[in-house]
Amino acid sequence: TSGPGGPGDAHAANASGPHDLWLTDAEALKAETVYFEFDSSVLKAAEKSKVAAVADYLKANSAKAVKIEGNCDERGTEEYNRSLGERRALAVREELIRLGIDPTRVDTISYGKDKPAVPGHDEAAWKLNRRDDFIVLTPPK
């Protein structure tokens, strides 16, 4: 066993990914937000150019990484939407890897229905909440 500050200190125990302490930028790739159909994690052909743009960005910025945040609309249970958001994030991650991005540079997280992009309880709002957001991660100096 190790005490505070040792190899098993709290920081290591609480780490959820290799990029936890990296600086985040939610605006840099906002235009590349990927949208999904209801109850689907299939990456639509019309959205693939956005993922390609993210891959190009990462290729041009080799020190950076990206976090894909999977989101859902408000319909469905909390548990179901967490799972669907994760499948959406993983689908886009797989496309980035297919486009040549190192898997260690792509983190995923699901927020389910907890982070709606827009308020509302109709299809106009729901279609904007079924999405993956890209957060650029920059190593700390």
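The values are calculated or read from the model by the stated rules, or taken from the named source; none is laboratory data. Source: prediction; values computed, not measured. In this analysis, Cβ positions are derived from the backbone assuming ideal geometry, glycine residues included, and neighbour counts consider all displayed protein chains. Surface areas here come from the heavy atoms of the whole protein model, side chains and all, with no ligands, DNA or RNA. Shrake-Rupley method; radii C 1.70, N 1.55, O 1.52, S 1.80 Å.
Please determine, by comparing only the residues of the range 24-40 that are over 15 Å from the mean Cα position of the chain (by Cα) and open to solvent by 60 Å² or more (accessible area, probe 1.4 Å), which one is nearest to LEU96 (Cα to Cα). The extreme case among them is GLU37. Inside the range 15-41, residues that are farther than 19 Å from ALA55 by Cβ and at pLDDT below 95 make up a count of 6.
Out of curiosity, is ASP73 over 21 Å from PRO18 (Cβ atoms), among the acidic types (Asp, Glu) and within 15 Å of the chain's Cα centre (by Cα)? The answer is no for ASP73.
Return yes or no: is THR108 within 20 Å of ASP20 (Cβ to Cβ), assigned to a helix (DSSP H, G or I) and among the polar types (S, T, N, Q)? It is false that THR108 is within 20 Å of ASP20 (Cβ to Cβ), assigned to a helix (DSSP H, G or I) and among the polar types (S, T, N, Q). Against the test of being within 23 Å of GLU27 (Cβ to Cβ) and outside any helix (DSSP H, G or I), the options GLY76, GLY85, GLY100, GLY70 yield a single qualifying residue, GLY70.
Inside the range 95-108, residues that are of a type in the set (Ser, Thr, Tyr) and either touching a residue at least 60 places away in the same chain (Cβ under 8 Å) or surrounded by fewer than 20 Cβ atoms within 10 Å (Cβ to Cβ) (or both) make up a count of 1. Here the range 41-79 is the region considered, the condition is being touching a residue at least 24 places away in the same chain (Cβ under 8 Å) and of a type in the set (Ser, Thr, Tyr), and the residue that is most open to solvent (accessible area, probe 1.4 Å) is TYR57. Among the residues of the range 80-94, those that are open to solvent by 10 Å² or more (accessible area, probe 1.4 Å) and of a type outside the set (Asp, Glu) comprise TYR80, ARG82, SER83, ARG87, LEU90, ALA91, ARG93. For the range 109-141, the candidate set comprises residues that are closer than 13 Å to CYS72 by Cα and among the hydroxyl-bearing types (Ser, Thr, Tyr); within that set, the residue that is most open to solvent (accessible area, probe 1.4 Å) is TYR111. Inspect all residues belonging to the range 113-125 and state whether any of them is touching a residue at least 12 places away in the same chain (Cβ under 8 Å), among the basic types (Lys, Arg), in contact with a Cys (Cβ under 6 Å, 6 or more places away or on another chain) and in a loop (DSSP other than H, G, I, E, B). Looking through the range 113-125, at least one residue is touching a residue at least 12 places away in the same chain (Cβ under 8 Å), among the basic types (Lys, Arg), in contact with a Cys (Cβ under 6 Å, 6 or more places away or on another chain) and in a loop (DSSP other than H, G, I, E, B).
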